[in-house]
1. Spin-label point model (7 Å from Cα, Cβ direction): what's the residue 197 to residue 91 distance in nm?
2. Tell me, what is the Rg over Rh of the range 119-216, with Rh the Kirkwood radius over Cα pairs?
3. Using DSSP, restrict attention to beta bridges with both residues in the range 83-197 and report what percent are antiparallel, rounded to the nearest 5.
4. Would you work out what percent of the accessible area of the range 167-217, with all protein chains in place, is carbon or sulfur (probe 1.4 Å)?
5. Roughly speaking, to the nearest percent, how much of the range 94-141's 1.4 Å accessible area is carbon and sulfur?
6. Hey, what's the range 81-163 come to in accessible area per residue, 1.4 Å probe, Å²?
7. Given an 8 Å cut-off on Cα distances and at least 6 residues of separation, report the relative contact order of the range 95-217 as a percent.
8. Taking a quarter of the surface of the convex hull around the Cα atoms of the range 73-183, what do you get in nm²?
Amino acid sequence: MMRKRKLTSIWRSRLIFLLPIVFIGLCVGSLVVYAAMTLQEQKENQFQVGNVETKIEEVFTKPTTIKPTVAVPKEVKIKNTGTIKQFVRVMIQPEIVSSITSGSNKLILSSKIGEEVGLDITGDWVSGNDGYYYYTKAVEPTKETAVLFNEVTLKGGLDRFYTGGTFQIVLKVEAIHCHGSKADGTGAFQEAWWQGKKPTAAPLTTINTALMSAVEE
């Protein structure tokens, strides 16, 4: 039977990019990115019994300018800083705020992954189509996941509302221990992430199969 201990940790990282954008009419002339950039990490809603902890690792060399459709190198991994194996999923939340305001209100612009924002998600990470990207292997203590993404790209043809805007990517990382029962087809990750239900449709069924193969009795 699956152990009933619930071990989870959640990290949130905020990657902030300043985007002065030069337009000629509705055509982007050039896009200055990372004129300033900050990386902030904070633990949020952390519940611990034992030692399940993660840390966001990044490799980044700050460029001075970038043109639309030109990728900015930004390598992101998740490190297991705890003492037991864990499964990991990440929510990636891009946000672009226009420099044009409506009264005292900020104007939030569309920044969907695969549309305005491009990320080269690597093969060991799978989108669950539920807002999360799942790492399909157990992460050993002191080890890192494979790269989540290597670069960030903004599409061309962004309209005038993006001029001088601010772009940020928030990474919310959740980790859970690998306990479960292969005989019953149950894992602690199902309880923590899917309200104890086994998925019935792809891609979550594919993710469930991969994680169940790595559970520990």
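The values are calculated or read from the model by the stated rules, or taken from the named source; none is laboratory data. Note that this is a predicted model, so its numbers are computed, not measured. With ideal geometry, Cβ positions are generated from the backbone for all residues, glycine too; neighbour counts draw on all protein chains shown. The accessibility values were calculated without ligands, DNA or RNA, using every heavy atom of the protein model including side chains. Shrake-Rupley method; radii C 1.70, N 1.55, O 1.52, S 1.80 Å.
1. It works out to 1.8 nm between the two label points.
2. Working: Rg = 16.9 Å, Rh = 15.7 Å.
Computed over Cα atoms, the ratio is 1.08.
3. Numbers: 28 of 29 bridges.
DSSP beta bridges in the range 83-197 are roughly 95 percent antiparallel.
4. On the way: 1030 of 2030 Å².
Carbon plus sulfur share of accessible area: 51 percent.
5. Numbers: 1150 of 2470 Å².
In the range 94-141, the share of accessible area belonging to carbon and sulfur is 47 percent.
6. Numbers: 3920 Å² over 83 residues.
For the range 81-163, the solvent-accessible area averages 47 Å² per residue.
7. Working: 159 pairs, mean separation 33.7, N = 123.
For the range 95-217, the relative contact order is 27 percent.
8. On the way: hull surface 36.5 nm².
Result: 9.1 nm².
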